[in-house]
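Below you'll find the structure, written out as C-alpha cells, and then a few comments.
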Amino acid sequence: MIDVRPSQQMRDLGVVQHGAGILTEPARAFDLPAERDEAERITDELFAAMERIGQVHPFAKGMGIAAPQIGIARAAAVVQPPGDAPAIILLNPRITTCSEEMDEQYEGCLSFFDVRGHVPRPLKITVETTALTGETVTTTCERGLARLIYHEIDHLDGLLYTARMRTGVDPIPVEEYRQTGRAWVYDGV
C-alpha cells in the first residue's frame, strides 16, 4: 500500500494547494441579494467539499473551508463547529472587533496539510457577514469557534495562517505535531 501524503490526499479531494495564486489574493465580495443564486451555488459547493473531506479525515475540533480553497475567488466560507452545532455560512465576512486576550494553538490548513503551525489568535471576535437577503448580520464568537472563523476569513483576505505565526517560528511536520498530543485541527486548524 502506498502512503499518500496528507496534502496529496487533499489535492485529490479537490482542495487547491499552497503555491496557487488564488490562495494569496483577496476574494471578491458578493452583491447581495442580486447575486443570491451565485452565493447559494458556491455555498453548496463548499458543503460538498466538506462532505468529501469529512469522509476521509475526522475533524474532532471542527473544520472550515473557504471558496478560494476550491478554486473560487469569492468571499464565501463554511465552518463546521465541533459536535452537533449547525454549520456557519460566511458571506462577505469581516472582523469588526477582536479581544486583546489571545492564545496560541496549532492550526492546520487543507491547502498545506502536511504541516501544523502555532498561531496566536484573539480569544473573542465580532464578525459581520451578509445574509442572502443583503442584510448585515453581526455575531460574536469565542475561543475555538473564533479561531476557526478567523482562519477562514484570513483565506478570503488572501492570507494563510503562516502569516500570523510569530517571527522565527516555523510550521512543524504533521507527524511531529501528532506526537504533541494536541488536536486543534481546523480548516483544518
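Among the residues of segment 85-136, write down those that are loosely packed, with under 14 Cβ neighbours inside 10 Å, at pLDDT 95 or above and among the hydrophobic types (A, V, I, L, M, F, W, C).
Within segment 85-136, just M102 meets the criteria.
Go through (1) of a type in the set (S, T, N, Q); (2) over 19 Å from L159 (Cα atoms); (3) surrounded by 14 or more Cβ atoms within 10 Å (Cβ to Cβ) and name the single condition T140 misses.
Single failed check for T140: (3).
Per-residue answers, yes or no, for (1) hydroxyl-bearing (S, T, Y); (2) touching a residue at least 40 places away in the same chain (Cβ under 8 Å); (3) part of a loop (DSSP other than H, G, I, E, B):
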| site | (1), (2), (3) |
| --- | --- |
| I22 | no, yes, no |
| A39 | no, yes, no |
| E51 | no, no, no |
| I65 | no, yes, no |
| P68 | no, yes, no |
| P82 | no, yes, yes |
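With H18, H57 as the choices, which residue is at negative phi, modelled with pLDDT under 95, out of contact with any Gly (no Cβ under 9 Å at 6 or more places or on another chain) and surrounded by 15 or more Cβ atoms within 10 Å (Cβ to Cβ)? Full working, then the answer.
Details: H57 fails: out of contact with any Gly (no Cβ under 9 Å at 6 or more places or on another chain).
Going through H18, H57 in turn, the sole match is H18.
Here are some conditions: (1) modelled with pLDDT under 85; (2) in a loop (DSSP other than H, G, I, E, B). G158 meets all but one. Which one does it not meet?
All conditions are met except number (1).
Given the structure, is D31 outside any helix (DSSP H, G or I) and either farther than 16 Å from D157 by Cβ or acidic (D, E) (or both)? First the steps, then the outcome.
Numbers: outside any helix (DSSP H, G or I): yes; either farther than 16 Å from D157 by Cβ or acidic (D, E) (or both): yes.
Yes: the conditions hold for D31.
Which one is nearest to I70 (Cα to Cα), of the residues in segment 1-15 that are touching a residue at least 60 places away in the same chain (Cβ under 8 Å) and surrounded by fewer than 17 Cβ atoms within 10 Å (Cβ to Cβ)? First the steps, then the outcome.
Of segment 1-15, the ones touching a residue at least 60 places away in the same chain (Cβ under 8 Å) are 5-7, 9-10, 15.
If we keep only those that are surrounded by fewer than 17 Cβ atoms within 10 Å (Cβ to Cβ) as well, we get 5, 9.
Values: R5: 19, Q9: 14 Å.
Ranking the candidates gives Q9 first.
The values are calculated or read from the model by the stated rules, or taken from the named source; none is laboratory data. The structure presented is a predicted model; accordingly, all values stated were derived computationally and were not measured. All Cβ positions, even for glycine, are placed from backbone atoms using ideal geometry, and neighbour counts span all protein chains on display.
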